[in-house]
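Reading through the structure tokens given below for one structure.
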Amino acid sequence: MTMLLTNIKTLIGCHAPLLPLRGDDLASLNAIENAFVLVEDGLVADFGAMQDLSWKVPHPPKEVYDCSNRMVLPCWCDSHTHLVFAGSRENEFVDKIRGLSYAEIAARGGGILNSAARLNETSKDELFCLAWQRLKQITVTGTGSVEIKSGYGLSVEGELKMLRVIKKLKEKSSLQIKSSFLAAHTYPSEYRENHEGYIKLILEEMLPVIVRENLADYIDVFCEQGFFSIEEMISVCKVAARHGLKPKLHINQLNSIGGLQAAIALNALSVDHLEVMTGEDVKDLAASDTIGTLLPTAAYFLRMPFQPARKLMDAGAAIALASDYNPGSSPSGNMQGVVSMACIGMRMLPAEAINAATINGAFAMEVADSAGSIAIDKRADLIVTKEIPSVDYLPYAFGEYHIARVMIKGEWQ
Ligand code: NIG
Ligand code: FE
């Protein structure tokens, strides 16, 4: 299939960096005004300025789509979600309004344990259908690549069920999907006093099956007071690494306990959340190759201070933005909302936020060779905006929906 997008007012993200963007590079969108994109067999075959089009495309393509007055940007790469879950948790939302904290709700068996109980009662097929609907919904809002975690099973059967659902999503969906094994999300009640026993279950009962069936790309641990300690995170990650699973970790969401430094020493691909960061944490992350994935909607939803994006960028850290789509702390997978919130709440420039939600998100899930920017031979995962006055308008008019059409692998959705 060949398709030509013409008269694009601004084509955003025309770059193919070899490493995640940092510092000033993060603020540059590498845009082309009055541009075209040629799509062949699901990939970007060519792009450039309209004035160069005639000699570049000798044979008229089958389909031409006129993007006059509209912008085109690469689809979002949402590198942190928990979008396989059994049911919503708006009752806890109301409890939080009444004054309970996230930790208090977790301590009385709500939170992750609540989601785990429901997931274990739900069939694989039903879970797949629910997750499929959510995938469709995030596709419409412009996501082209997404990472999905387990972590609501907390039992051998439940964790494998989740990961098998994610595997089926990978097979059936045209989105690019990565999966992370997050059994170390919280201790199930029967193991509350027996941490060693649960870690043994993770490493000896779950991991071998996951490796055999090729169910996960990454290992994740919620390293936090009241959840998994640094030592526990290290022991899980070390064994997982022997099976080729790199760490992508939940770090510094509620407290700074030294998990960030331990994650860097484990060569984590990313450390995610980072609501609570000391000056030392900021410096250490900036000096490392690990990407800091910021989840502003989770901070907003839990009424936490926003992640210190400005400090991290000024220090030279590589940062990405993701939705954390989950029923407990971020019941939304809308990346346009994430980008707006990053600009409003964290003082990221629109260009910085867009790069963090596209190319740096792609690096944070190792799909930068095929997604996250407009480049020849990358997937044609494209967002066509409605008629908007400028790219800055996208996060600025935060309550409006600016996407006209989404193309995934060369197909309109
Ligand atoms: O990323 N912090 C840990 N995990 C999720 C929330 C999980 C839940 O509350 O269901 C998060 O915010
Ligand atoms: Fe998360």
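The values are calculated or read from the model by the stated rules, or taken from the named source; none is laboratory data. Quantities reported herein were computed from a predicted structural model and do not represent experimental measurements. Note that each Cβ is placed from the backbone with ideal geometry, even for glycine, and that neighbours are counted across all protein chains shown. Quick note on the areas: whole protein, heavy atoms, side chains included, nothing else; ligands and nucleic acids left out. Shrake-Rupley method; radii C 1.70, N 1.55, O 1.52, S 1.80 Å.
Name the pairs: first residue in region 1-15 and of a type in the set (K, R), second residue assigned to a loop (DSSP other than H, G, I, E, B), Cβ to Cβ under 9 Å, at least 6 apart or on different chains?
Correct list of pairs: K9/C67; K9/S68; K9/N69; K9/I388.
May I ask you to list the residues in region 370-403 that are of a type outside the set (D, E, K, R) and outside any loop (DSSP other than H, G, I, E, B)?
First, pick out the residues of region 370-403 that are of a type outside the set (D, E, K, R): 370-376, 380, 382-385, 388-391, 393-399, 401-403.
Within region 370-403, L382, I383, V384, T385, Y393, L394, P395, Y396, I403 meet the criteria.
Considering only residues that are farther than 22 Å from S332 by Cα, open to solvent by 10 Å² or more (accessible area, probe 1.4 Å) and touching a Pro at 6+ places or on another chain (Cβ under 8 Å), look in region 277-312 and name the one that is nearest to ligand 2 (Cβ to nearest atom).
If we take residues in region 277-312 being farther than 22 Å from S332 by Cα, open to solvent by 10 Å² or more (accessible area, probe 1.4 Å) and touching a Pro at 6+ places or on another chain (Cβ under 8 Å), then M277 is nearest to ligand 2 (Cβ to nearest atom).
Can you pull out the residues in region 107-125 that are touching a residue at least 12 places away in the same chain (Cβ under 8 Å) and either more than 10 Å from G87 (Cβ to Cβ) or open to solvent by less than 10 Å² (accessible area, probe 1.4 Å) (or both)? Before the answer, list the steps.
Taking region 107-125 first, the residues touching a residue at least 12 places away in the same chain (Cβ under 8 Å) are 107, 109-116, 118-122, 124.
Within region 107-125, A107, G109, G110, G111, I112, L113, S115, A116, L119, N120, K124 qualify.
Where the second residue is among the hydrophobic types (A, V, I, L, M, F, W, C) and not in a loop (DSSP other than H, G, I, E, B) and the first is within 19 Å of N114 (Cβ to Cβ) and lies in region 316-335, which pairs have Cβ atoms under 6 Å and are six or more apart or on separate chains?
Sorted first by the residue in region 316-335, then by its partner, the pairs are D324/A298; S329/A298; S329/F301; S330/A298; S330/F301.
Among the residues of region 128-155, write down those that are touching a residue at least 24 places away in the same chain (Cβ under 8 Å), in a helix (DSSP H, G or I) and among the hydrophobic types (A, V, I, L, M, F, W, C). Let's see the steps before the verdict.
Kept after step one, since they are touching a residue at least 24 places away in the same chain (Cβ under 8 Å), are these residues of region 128-155: 128, 130-132, 134-135, 137-155.
Still in the running and in a helix (DSSP H, G or I): 128, 130-132, 134-135, 137-140.
F128, L130, A131, W132, L135, I138, V140, listed by residue number.
Return the pairs, sorted by first residue and then second, in which the second residue is charged (D, E, K, R), the first residue lies in region 378-393 and is touching a residue at least 40 places away in the same chain (Cβ under 8 Å), the beta carbons are less than 7 Å apart, and the residues are 6+ apart or on different chains.
From region 378-393, the pairs are R379/K409; A380/K409; D381/K409; V384/R70; V384/R405; T385/R70; K386/R70; E387/R70.
Return a yes/no flag: does region 54-70 have any residue that is buried (at least 18 other Cβ atoms within 10 Å of the Cβ) and under 27 Å from the mean Cα position of the chain (by Cα).
Within region 54-70, one or more residues are buried (at least 18 other Cβ atoms within 10 Å of the Cβ) and under 27 Å from the mean Cα position of the chain (by Cα).
Based on what the data block shows, is A35 crowded, with 21+ Cβ neighbours inside 10 Å and of a type in the set (A, V, I, L, M)?
yes
Which residues, counting only those in region 322-340, are in contact with a Pro (Cβ under 8 Å, 6 or more places away or on another chain), aliphatic (A, V, I, L, M) and either within 11 Å of ligand 2 (Cβ to nearest atom) or under 27 Å from G110 (Cα atoms) (or both)?
V338
Select, from S155, S145, S150, S180, the only residue that is under 23 Å from S79 (Cβ atoms), away from ligand 2 (no atom under 16 Å from the Cβ) and polar (S, T, N, Q).
When all the criteria are applied, what remains is S145.
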